[in-house]
Amino acid sequence: MPITLIATTAQIHQAGGVYLTQVKENQAIFLQQCKMLHIQCLPRAETIGHEKEHSRVTTRSAHLFSLASLTLDARWKNSGLSTLIVVERETSEISKQKNSFETPIMSAMLYLNPMLSSLLLRN
């Protein structure tokens, strides 16, 4: 993550706030750690939701993991990173009979129940 994002997440954490950020390819080591955590560990919580609108059916499945077992880079020590959220999103366009599947990986400083986190992840 860019230095500005690290500083911003640290400020949010120090102020007692909550944030959600996507783990991207430019954070190769952290992204790999998150992918392995998702594969090797059981989630602390899971939630699934369905919605139908505009001739599309979307199913979102969110899996929450603790980041406590990871050794994070020292630059993250003030950010309060605590939770990995893996969202699997499948969208079916009924009229076109077309399906798409995405799995964004997110990290967060969260103390939320699974239902509340699924509301955050809707879009």
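For region 7-20, the criterion of being under 16 Å from ASP73 (Cα atoms), modelled with pLDDT of 85 or more and out of contact with any strand residue (DSSP E or B) (no Cβ under 9 Å at 6 or more places or on another chain) is met by at least one residue. Scanning region 71-99 for residues that are under 16 Å from the mean Cα position of the chain (by Cα) and among the β-branched types (Val, Ile, Thr) yields THR83, ILE85, VAL86, VAL87.
Has region 52-63 got at least one residue that is more than 30 Å from ILE94 (Cβ to Cβ), touching a strand residue (DSSP E or B) at 6+ places or on another chain (Cβ under 8 Å) and either touching a residue at least 60 places away in the same chain (Cβ under 8 Å) or in a strand (DSSP E or B) (or both)? So far as region 52-63 goes, no, none of its residues is more than 30 Å from ILE94 (Cβ to Cβ), touching a strand residue (DSSP E or B) at 6+ places or on another chain (Cβ under 8 Å) and either touching a residue at least 60 places away in the same chain (Cβ under 8 Å) or in a strand (DSSP E or B) (or both). Tallying residues that are exposed (fewer than 12 other Cβ atoms within 10 Å of the Cβ) and over 18 Å from the mean Cα position of the chain (by Cα) within region 51-70 yields 5.
Residues in region 64-87 that are of a type in the set (S, T, N, Q) and assigned to a loop (DSSP other than H, G, I, E, B): SER69, THR71, ASN78, SER79, SER82.
Screening LYS77 against (1) in contact with a strand residue (DSSP E or B) (Cβ under 9 Å, 6 or more places away or on another chain); (2) at pLDDT below 85 leaves a single unmet condition, (1). Consider region 36-50 and keep the residues that are surrounded by 13 or more Cβ atoms within 10 Å (Cβ to Cβ) and not charged (D, E, K, R). The one that is nearest to VAL86 (Cα to Cα) is HIS38.
Based on what the data block shows, is SER107 crowded, with 17+ Cβ neighbours inside 10 Å, assigned to a helix (DSSP H, G or I) and modelled with pLDDT under 90?
Judged against the criteria, SER107 is not a match.
Considering region 21-51, the residues that are at pLDDT below 85 and in a loop (DSSP other than H, G, I, E, B) include one that is nearest to ALA74 (Cα to Cα), namely GLN27.
The values are calculated or read from the model by the stated rules, or taken from the named source; none is laboratory data. A quick note: this is a predicted structure, and the numbers were derived from the prediction, not measured. FYI the Cβ positions are ideal-geometry reconstructions off the backbone, even for glycines, and counts take in every protein chain you see.
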